[in-house]
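The values are calculated or read from the model by the stated rules, or taken from the named source; none is laboratory data. Here the structure is a predicted model, which is why all the values come from computation and not from measurement. Every residue, glycine as well, gets a Cβ built from its backbone with ideal geometry; the counts of neighbours run over all protein chains shown.
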Amino acid sequence: MLIYLDNAATTKIDPRVFAKMKDFYFNHYGNASSIHFLGQANDLKIAECKEKVAKIFNSQPENIVFTGSATEANNFIIKGVMRANKNKGNHLIVSNIEHPCVMNSARELVAEGFELDFAPVDSKGLIKLDELAKLIRPTTVLVSIMAVNNEIGVIQDLAAISKLVHASGAYFHTDAVQAVPYLKIDIKKLNIDYLTISAHKFHGPLGVGAVFINRKIKIKALISGGGQENNLRSGTYNVPGIVGLTEALLLSYKERGEYLKKVKALRNYLWQRIKKEIPDVVLNGDFVKRTPNNLNILFRRIEGEAILMDLSFKGICVSTGSACSAVNLKVSSVLRSIGLVEDNLNSNIRFTLGKYNTKKEIDYTIKCLKDTVKRLRAFTPIK
Amino acid sequence: MLIYLDNAATTKIDPRVFAKMKDFYFNHYGNASSIHFLGQANDLKIAECKEKVAKIFNSQPENIVFTGSATEANNFIIKGVMRANKNKGNHLIVSNIEHPCVMNSARELVAEGFELDFAPVDSKGLIKLDELAKLIRPTTVLVSIMAVNNEIGVIQDLAAISKLVHASGAYFHTDAVQAVPYLKIDIKKLNIDYLTISAHKFHGPLGVGAVFINRKIKIKALISGGGQENNLRSGTYNVPGIVGLTEALLLSYKERGEYLKKVKALRNYLWQRIKKEIPDVVLNGDFVKRTPNNLNILFRRIEGEAILMDLSFKGICVSTGSACSAVNLKVSSVLRSIGLVEDNLNSNIRFTLGKYNTKKEIDYTIKCLKDTVKRLRAFTPIK
Amino acid sequence: MSLNYTKKTIDNFLHPKNSGEVKNADARADVGNMVCGDQLTFTIKVVDGKIKELKYLSFGCASNIATASVLSEKVKGMTLAQAKKFNWNEIVSDLGGLPTQKIHCSVLAVEGLQKVIAVYEKNQAKMAGKPAVAKKAVTKKVAAKKPVAKKVAIKKPVNKKLKK
Amino acid sequence: MSLNYTKKTIDNFLHPKNSGEVKNADARADVGNMVCGDQLTFTIKVVDGKIKELKYLSFGCASNIATASVLSEKVKGMTLAQAKKFNWNEIVSDLGGLPTQKIHCSVLAVEGLQKVIAVYEKNQAKMAGKPAVAKKAVTKKVAAKKPVAKKVAIKKPVNKKLKK
Ligand SMILES: Cc1ncc(COP(=O)(O)O)c(C=O)c1O
Ligand SMILES: Cc1ncc(COP(=O)(O)O)c(C=O)c1O
């Protein structure tokens, strides 16, 4: 029994994506920097992939840099833009619900002498635009605010934020790792300078991410070497990975309409039944401005990890927050940011659905969840 | 027709490796940082992989950090060790035949105020130990010298170099990307602090590398975020990649004896026939202290890229040097370092054999090569 | 960092022994971990200086529940003096090891045990109108039975296991 | 950066036209590119002020050979004045584009053409004992035939192609 409701952590690869990768591993395995035909064919393939990926976000192929992960991409943007634009300023703003790879990149820069501010969110998880406006200074170089939060699935108003950021001449980065395929993002129209995606979050392979950049803005490479990606990201091109990312992205957006309908129905069904059949639960984050695959629920008086483990033994995979904070003991700073009181910070479960989930799975999950909550609440010390 | 003699650029994946990866993509796709069973099983799997990989190099599993590439790994070590050990010194030495990812990482550090020296090699491509000894200062923090050169396949005396480096208290890194499975490297015995490998160079997947570190030495992460790899390399664990790297490495060393015999015979046969049947050729680099898969040959009076292209149209994949320098116009700094005169710098071809090559392929290659050289020499202006 | 639990830990999480509250308990104590938010409430029944029953309420993760469960089994029948000397290492080794970041759960459980005994003794002293020091001699005897060396011996293999 | 060549470039590399040396050439010239090491040696036969034959020796990459080949075909039959105005863009557009980092090959080929014509004219002048300026008028006429605008028009689609 395996019911996978942790699709924000990673997703199962789509067999069609895998088939494409396999073809490249066995039949088109040339190093894309090699001059011979096997290499140059892959060079063309990468160009083709960039064209396809760019089209989805209405950007230009030459703005794309493929990386080894979204984490690498976010490190590259945050550190690379700040370090390369010291003449412009030394101030950086990130929201206080960013993924640790943005957060920690930003914090590292403080040690290098940069100044950092955190843009707060309201109780629904939405950026307070007026607060953000107050934080922006003439020396602000970059503002990084995620499109969709990984814990609560809340969607930011990218248009408004981008406008605000650019009004004062700063650059705008958005971590869109959790936005595929839930949002249709028009990079040109929204005037986004940098945007990050990660293949394994949309049924693509692990070990490959991509970032859109603004070629007019100076940036410093994080990984230097053989000069690939126009000297912005060195290392042998991961052709099967790039092909896989591209295919997964195309499929995600091609099948988006149907998928969104299905996943939203399932997600809403799950929430309706939980709300009705389990007492003392609260939904964390806005319900409307939220991707249709995400639920993040407070189960009062019992501990999240215990719920998770109990469900795990029944074959159900959920999470207490982000996967990366799971194995260290830190509570969710996202939930704290949206105002959860200390007592409730350890009682939350994230359900993130994906394209392979079925109603039967959700029914089984609800049945198990009721048992789990009942069992654990039977011996909780909390009133 | 496809005869692949560019195995130093990248290799075709072994189907057994691919099968293992497939299993993880479809059946064990949990994020290894997730607490549920699908995640924790992968956490254990990574530990198992580290144990296996460590054993091959006689090191400890906890010394291994998996990365997205060898390029990333080398950037991590060079920059991470220098930046974290400023109290120890500010001086770095790399050989003058290093791969660009070591070279350029080192050069970037100069801009940060570090001091850099290049250790020279002799006409065979071997490090001049006495010159290296002279370069080492009390403030030397790190010495990085590759185990096997990617262009000429020359093998350095790691034992002697390590001893020299440690005698003065510096740390020793070796880029062993081209050493698998040609060298058996005992990290403990040789007292190597850092060692880098890359899966796609030994019939493993793209997008994954590994580096052994010395946990007693301070190091700064290049990519920060969710805290994976003990905070030394953040980003969702690439479990299929790690499993693939491990399997490819195990197979490489398991089948090493037979493979080395075979590839050496083929390589020597290729060289003997070229030497005998094509006039005015010279082998670049030492013939004895060289991996048995590599030939790097000067074809006087004609240009390397023209030879490469002509062979390519006959279905044969070779290279003019490293793949990464191929598409920009730079001549090989490795060949310059071993003393090739300017006139000869553009006339070289690298043949790197692999485990799938056959004698028939080599025969065909020689036949084609003779035609190619004859054709191009028919209208060369050089006497 | 792994969060892989042993079979015994899992069993004790899924089927915790002695969870709940002792009826007409002789003492009650709450402990909590500020960092991870875990909480335990112990209730105890003491008969003839021995622990007849120890129960707990838990707000905590799987290992919090499992360690409390194992503890409640282990100390049953112990004299208070024995119980006061009970070391968290014994829980860890009994479970066949705990993930490094979960060791503190066993420490919290033992802290709770000590606290509930202290509350009991205070209650007793209050009722008897004198301080509760009478059993000092017994304590020493028991302590002699469990030399420190043995504890270390138990601890070592556990740590080794965790490192993997 | 791509090194993908067009079919026409490949054809001219694999089957270069007019490679070699003109027998009893009227002039000879060497050119070379310091950066990439490419070298070309042109020999020329001029009859009645027109290029009867232009041949080349090449030490260079595929595009070096291909651009020389195309050049040798294109200028055959041209007056020297026409040939002197020959622009490298015409080679690039004739080949259907060249990789960005190989554009310099076409420039080198044209440089060689100009040099071998210059050598020829110097030789002629020496033989005739007077400077070679008689054909200036013709040059102007030809130039008028090829307005700059047209050259730009040829160049643009090529660049677009390279950007992909
Ligand atoms: C919002 C967000 N950004 C960045 C990342 C980092 O992605 P990866 O771990 O694939 O590098 C993740 C997922 O882990 C994420 O959810
Ligand atoms: C010696 C050496 N080091 C490092 C690298 C970098 O490896 P990768 O491109 O896989 O990051 C290579 C190959 O490109 C190499 O040959």
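Odds and ends about this structure:
- Every residue from the range A:224-259 that is farther than 16 Å from B:Asn238 by Cβ, among the hydrophobic types (A, V, I, L, M, F, W, C) and within 16 Å of ligand 1 (Cβ to nearest atom): A:Leu249
- Selected residue (only one of C:Gly97, C:Gly112 is surrounded by 20 or more Cβ atoms within 10 Å (Cβ to Cβ), modelled with pLDDT of 90 or more, in contact with a Leu (Cβ under 7 Å, 6 or more places away or on another chain) and farther than 30 Å from B:Ala47 by Cα): C:Gly112
- Which listed residue is within 12 Å of chain A (Cβ to nearest Cβ) and either small (Gly, Ala, Ser) or surrounded by 23 or more Cβ atoms within 10 Å (Cβ to Cβ) (or both), from B:Ala32, B:Ala54: B:Ala32
- When B:Asn104 is tested against (1) touching a residue at least 12 places away in the same chain (Cβ under 8 Å); (2) closer than 24 Å to B:Val180 by Cβ; (3) buried (at least 16 other Cβ atoms within 10 Å of the Cβ), just one condition goes unmet, and that condition is (1).
- One residue alone among B:Ala170, B:Ala133 is of a type in the set (Gly, Ala, Ser), more than 30 Å from B:Gly227 (Cα to Cα) and away from ligand 2 (no atom under 16 Å from the Cβ), and that residue is B:Ala133.
- Some residue of the range C:126-137 being more than 13 Å from chain A (Cβ to nearest Cβ) and at pLDDT 95 or above: no
- Hits in the range A:38-51 (condition: surrounded by 21 or more Cβ atoms within 10 Å (Cβ to Cβ) and within 22 Å of B:Ala9 (Cα to Cα)): A:Leu38, A:Gly39, A:Gln40, A:Asn42, A:Asp43, A:Ile46, A:Cys49
- Members of the range A:360-383 found to be of a type in the set (D, E, K, R) and loosely packed, with under 15 Cβ neighbours inside 10 Å, listed by number: A:Lys360, A:Asp363, A:Lys367, A:Lys370, A:Asp371, A:Lys374, A:Lys383
- Residue among B:Gly207, B:Gly241 that is out of contact with any helix residue (DSSP H, G or I) (no Cβ under 6 Å at 6 or more places or on another chain) and closer than 23 Å to B:Asp23 by Cβ: B:Gly241
- Every pair of residues 6+ apart whose Cβ atoms lie under 9 Å, when the first sits in the range B:334-349 and is in contact (Cβ under 8 Å) with a residue 12 or more places away in the chain and within 11 Å of chain D (Cβ to nearest Cβ) while the second is surrounded by fewer than 18 Cβ atoms within 10 Å (Cβ to Cβ) and part of a helix (DSSP H, G or I): B:Leu345/B:Arg336
- Of the residues making up the range A:57-69, those that are among the hydroxyl-bearing types (Ser, Thr, Tyr) and within 12 Å of chain B (Cβ to nearest Cβ) are A:Thr67, A:Ser69.
Yes/no per residue for (1) within 10 Å of chain B (Cβ to nearest Cβ); (2) over 30 Å from A:Gly39 (Cβ atoms); (3) of a type in the set (Phe, Trp, Tyr):
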| site | (1), (2), (3) |
| --- | --- |
| D:Ser58 | yes, no, no |
| D:Gln82 | no, yes, no |
| D:Phe86 | no, yes, yes |
| D:Lys115 | no, yes, no |
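- Selected residue (criterion: farthest from the chain's Cα centre (by Cα)) from residues of the range B:175-223 that are β-branched (Val, Ile, Thr) and within 16 Å of ligand 1 (Cβ to nearest atom): B:Ile223
- Of all residues making up the range A:283-310, the number that are of a type in the set (A, V, I, L, M, F, W, C), out of contact with any strand residue (DSSP E or B) (no Cβ under 8 Å at 6 or more places or on another chain) and more than 10 Å from chain C (Cβ to nearest Cβ): 2
- Tabulated pairs, the range A:214-243, first at positive phi, second within 16 Å of ligand 1 (Cβ to nearest atom), C-beta under 6 angstrom, 6+ apart or interchain: A:Glu229/A:Val65; A:Gly235/B:Ser69
- Single residue of A:Glu112, A:Glu108, A:Glu72, A:Glu98 found to be within 16 Å of ligand 2 (Cβ to nearest atom) and within 14 Å of chain B (Cβ to nearest Cβ): A:Glu72
- Of all residues in the range B:125-150, those that are within 14 Å of chain A (Cβ to nearest Cβ) have Cβ atoms under 9 Å from Cβ atoms of residues that are in a strand (DSSP E or B) and away from ligand 2 (no atom under 15 Å from the Cβ), 6 or more apart or on another chain, in B:Ser144/B:Leu92; B:Ser144/B:Ile93; B:Ser144/B:Phe172.
- Hits in the range B:129-160 - residues which are of a type in the set (Ser, Thr, Tyr) and touching a Leu at 6+ places or on another chain (Cβ under 8 Å): B:Thr140, B:Ser144
- Close Cβ contacts (under 6 Å, 6 or more residues apart or on different chains) running from residues in the range A:292-313 that are under 20 Å from A:Tyr364 (Cα atoms) to residues that are surrounded by fewer than 24 Cβ atoms within 10 Å (Cβ to Cβ) and of a type in the set (Phe, Trp, Tyr) comprise A:Leu295/A:Trp271; A:Ser312/B:Phe37.
- Test: residue in the range A:363-383 that is out of contact with any helix residue (DSSP H, G or I) (no Cβ under 7 Å at 6 or more places or on another chain), at pLDDT below 95, not in a helix (DSSP H, G or I) and not hydrophobic (A, V, I, L, M, F, W, C): yes
- Residues of the range B:213-234 satisfying the condition of being more than 10 Å from chain A (Cβ to nearest Cβ) and part of a loop (DSSP other than H, G, I, E, B): B:Ile213, B:Asn214, B:Arg215, B:Lys216, B:Ile217, B:Lys218, B:Ile219, B:Leu232
- Any chance A:Ile192 is crowded, with 23+ Cβ neighbours inside 10 Å, within 22 Å of A:Ile56 (Cβ to Cβ) and among the β-branched types (Val, Ile, Thr): yes
- Within the set A:Asp43, A:Asp6, A:Asp23, the sole residue that is of a type outside the set (Phe, Trp, Tyr), away from ligand 2 (no atom under 16 Å from the Cβ) and facing chain B (nearest Cβ under 10 Å) turns out to be A:Asp6.
- When we screen B:Ala179, B:Ala210 for residues that are more than 14 Å from chain A (Cβ to nearest Cβ), within 30 Å of B:Thr352 (Cβ to Cβ), in contact with a Ser or Thr (Cβ under 8 Å, 6 or more places away or on another chain) and within 14 Å of ligand 2 (Cβ to nearest atom), the only hit is B:Ala179.
- Subset of the range B:213-246 (residues that are more than 16 Å from ligand 2 (Cβ to nearest atom) and of a type in the set (A, V, I, L, M)): B:Ile213, B:Ile217, B:Ile219, B:Ala221, B:Leu232, B:Val239, B:Val243
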